[in-house]
Every structure is written in C-alpha cells, then in structure tokens.
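Below you'll find the structure, written out as structure tokens, and then a few comments.
The values are calculated or read from the model by the stated rules, or taken from the named source; none is laboratory data. All values reported here derive from a predicted model rather than from experimental measurement. Methodologically, a virtual Cβ is constructed for each residue, glycine included, from the backbone with ideal geometry; neighbour enumeration extends over all protein chains shown.
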Amino acid sequence: MKNATECIHIDLAERSYDILVGAGLMGRAETYVDLPVGASAVVVTNTTVAPLLAERLTRALRQRFATVRVVELSDGEVHKDWETLNLIFDALLASACDRTTTLFALGGGVIGDMTGFAAACYMRGVPYVQVPTTLLAQVDSSVGGKTAINHPLGKNMIGVFNQPLRVVADLDALDTLPDRELIAGLAEVIKYGPIADAAFLDWIDANLSALKARDKRALGYAVKRSCEIKARVVAQDEREAGLREILNFGHTFGHAIETGLGYGAWLHGEAVGCGMVMGAELSARLGLIDATYAERLQHIIERAGLPTVGPRLGTARYLDLMRLDKKSRSGLIRFVVIEAPGRAGVHGADDELVDQVLTAHTR
C-alpha cells in the first residue's frame, strides 16, 4: 500500500467520482490532472492543518491552476457554524472567484463539511475536491456528499447533499494526527463491521494494534475497505432515503452526547464509539443479537481507546436531543441497530427501553 494507489468508484450517474487511497497522493500533480480546468483554486483549511500540509497541496495545484489561494479557518467542531462558513464566502467574493473556481477541502470532517456546503451555495454551485487529513474524514465524512453545519440545538441539521469531484485520501496525512484524533477515527472504521461486513470486524479485531501503531499497510486496507462499503451504500441511496441510514450506527446516541456536552468537548469519533456501545446494547435488548456479540463489540471499542460510558445528561435530555435526529419520524426516535452480525436496520424503541440502555451506559 505504501507505493500503490487504490481507486474506489462511486457510481452516481453524472455525479460519479473516484476515491483515491494511497501514500503521497496529495503532493502529486497527476492526482488532479483530469479535473475540470479553471483559472483559480481555493484551498480551505484550518490553522492546525495549514502549516503542516497546505504547501504540499498548493505546490501540486500550482501546476494546474493559474492562481491558488488558501483560506485558513479556526480549528474545531465549535467553529462549524454560520459565522465561520461566511468567512469562506468573504474570501471567495474578495478574490472575485467565479463559477470555474474549484474549492479544495484540506482538513478533517469540519473543513470537509463546510467546504462542500460553501461550494454548493457559492454562485449556486462550484466544484470541489475533498482532501481529508484525518482518519475519520478519510473513511467516512469526505465520502458521500453530505455537507452541513451545526446548530446549537442539533448537530449537522443545516446542510445539503453535494458530491465532490474526487476524494484524495493521502495516507501520509495521517502521520500528522495526534493520537486522540487517530483513535477517534477508528470508531468510524469499526462501525462498518457490525453494519455491513462481519469479516471486516474480525480483521479489525485482529489488526487493532497495528492500526493504533499507524502501520501504513493496515491503515491503507482499513481506509480502502471502509470506502468500498460506504461507496456501495451511497450508490444505492444517495440522499439517505433508506439504506444509507445504516451508516449512522451509533450516531443517534453520539450526536446527543456532542450536542448535550457542547461541541468539541468530545470528538465526534469518541461520541460515535460510545454511541455504538449503546446501540449494540439496544440491539440486544430488542432481541436482535446475543448479548455476547454486544459485549464483543464493546470490548473492541474499549481496546481501540474509545469511551464506552457516556455522560449522565439525564434520560429526558437525551430523549429531547435524539428527537431532533434526522431519522426521527413524527416524534418517534428511530435507531440504527444490529439485526445480525454484518447487517443493520432502523427500528423504533420506546422511551423506557432507551432509559434502560442509558442507565447501563452513562455515569
């Protein structure tokens, strides 16, 4: 994987695109050679990533674009809001960018979401490319075209579906990640096992130490397989009308944790990891899986270094926040649950059952 480039294709008719996975991709001019020609490129990044990786990307883009500008935003989930989004528009307008301008999202999920949202809105739509620099973004948020910002009452509640031209998952970018960020990304890798590929969960279980040690071969396979699974799901349900909802395993509980604590207190992957433990417990209490399978998943999540016990916000607060989840219908909270190892579905659950799960997994 060190010198190879894997290509995963998402088939969405005229919105189809490739996900490139490999080491050293970001800095190669040929990575971008067949993208639409425009006069200018704008790299949207943040103050943490810019000094580490912006020059690597802009050097390659200057071989294709006459003008390359960099917009640096503040780092963190707390800045995924209207005010920060407007800074992208300020920069585009100040530079007189037109509809041939291509945006490049260089960063984690926050940057990817906001850049994709800005690209959908600016002049009613300009092209953009995802260049994810975190494990979580490479295996999940950069793929599939979901873009959004947060609202104080709910996470990712304001946004649009906007597919990128390409996703460039450069494994070398993961070398810059703090350990906490890498571990948070493992949550979205682990997620794909119980919902879509039982054998992949076995592989993760056997290779968890290599993943945490940043072994490039292990990371490369994890990113590739995760993207293959997500590409297959998105191709069947681009706008989350049904099947794609399974990708939100752990997210209903997880988003409630993030919103309830305040954005940034827990990383998204940390909240999802804990949310998967709760989701597996709910699956067992619904009689869909054995308790031993839920316990095994919890053990893997714990070994990854992710939290398995959530904050005690109170059941009423959790329920209020989860009713704002995009899967809810007419006030009924719907959860992604494991129906069998490697297969997931969406089920409702009454408040009493959810309270039992929260009692068991919060303190």
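Tabulated data
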quantity	calculated
In the range 312-363, the residues that are assigned to a loop (DSSP other than H, G, I, E, B), surrounded by fewer than 16 Cβ atoms within 10 Å (Cβ to Cβ) and either among the aliphatic types (A, V, I, L, M) or without any contact (Cβ under 8 Å) to a residue 40 or more places away in the chain (or both)	Gly314, Arg323, Ser328, Ser330, Gly331, Asp350
Residues of the range 1-46 that turn out to be part of a loop (DSSP other than H, G, I, E, B), surrounded by 12 or more Cβ atoms within 10 Å (Cβ to Cβ) and of a type outside the set (Gly, Ala, Ser), as a count	7
Test: residue in the range 261-276 that is modelled with pLDDT of 95 or more, among the aliphatic types (A, V, I, L, M) and farther than 24 Å from Ala137 by Cα	no
Unique match (being in a loop (DSSP other than H, G, I, E, B), at pLDDT 95 or above and of a type outside the set (Gly, Ala, Ser)) among Val167, Val143	Val143
Selection within the range 208-258 - within 17 Å of Val167 (Cα to Cα), of a type in the set (Gly, Ala, Ser) and surrounded by fewer than 20 Cβ atoms within 10 Å (Cβ to Cβ)	Ala235
Boolean, Ile111 is within 21 Å of Gly262 (Cα to Cα), in a helix (DSSP H, G or I) and touching a Ser or Thr at 6+ places or on another chain (Cβ under 9 Å)	yes
Given (1) surrounded by fewer than 22 Cβ atoms within 10 Å (Cβ to Cβ); (2) out of contact with any His (no Cβ under 7 Å at 6 or more places or on another chain), number of the condition Asp140 does not satisfy	(1)
Residue match in the range 67-85 (condition: small (Gly, Ala, Ser), surrounded by 19 or more Cβ atoms within 10 Å (Cβ to Cβ) and closer than 29 Å to Ala23 by Cα)	no
Selection count where residues are free of Cβ contacts under 8 Å to residues at least 60 places away in the same chain and either outside any helix (DSSP H, G or I) or crowded, with 24+ Cβ neighbours inside 10 Å (or both), scope the range 259-298	10
Residues located in the range 185-207, provided they are out of contact with any Asp or Glu (no Cβ under 7 Å at 6 or more places or on another chain) and either at positive phi or charged (D, E, K, R) (or both)	Lys191, Asp197, Asp202, Asp205
Hits in the range 335-356 (condition: more than 26 Å from Ile229 (Cβ to Cβ) and touching a Phe, Trp or Tyr at 6+ places or on another chain (Cβ under 9 Å))	Val354, Asp355
Test: residue in the range 85-101 that is among the basic types (Lys, Arg), touching a residue at least 12 places away in the same chain (Cβ under 8 Å) and under 21 Å from Met123 (Cβ atoms)	yes
Residue list for the range 169-189, filter: within 14 Å of the chain's Cα centre (by Cα) and not small (Gly, Ala, Ser)	Glu181, Leu182, Ile183, Leu186, Glu188, Val189
Of all residues in the range 64-102 being within 20 Å of the chain's Cα centre (by Cα), of a type outside the set (Ser, Thr, Tyr) and part of a helix (DSSP H, G or I), the one that is farthest from Asn150 (Cα to Cα)	Leu85
Odd one out for Met26, checked against (1) at pLDDT below 95; (2) in contact with an Asp or Glu (Cβ under 6 Å, 6 or more places away or on another chain); (3) among the hydrophobic types (A, V, I, L, M, F, W, C)	(1)
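Conditions (1) over 21 Å from Thr115 (Cα atoms); (2) at pLDDT 95 or above; (3) among the aromatic types (Phe, Trp, Tyr); (4) not assigned by TED's automatic domain parsing to the domain that holds Tyr221, marked per residue:
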residue	(1), (2), (3), (4)
Ala13	yes, yes, no, yes
Tyr17	no, yes, yes, yes
Gly22	yes, yes, no, yes
Thr31	no, yes, no, yes
Thr45	no, yes, no, yes
Ala50	no, yes, no, yes
Arg56	no, yes, no, yes
Arg64	no, no, no, yes
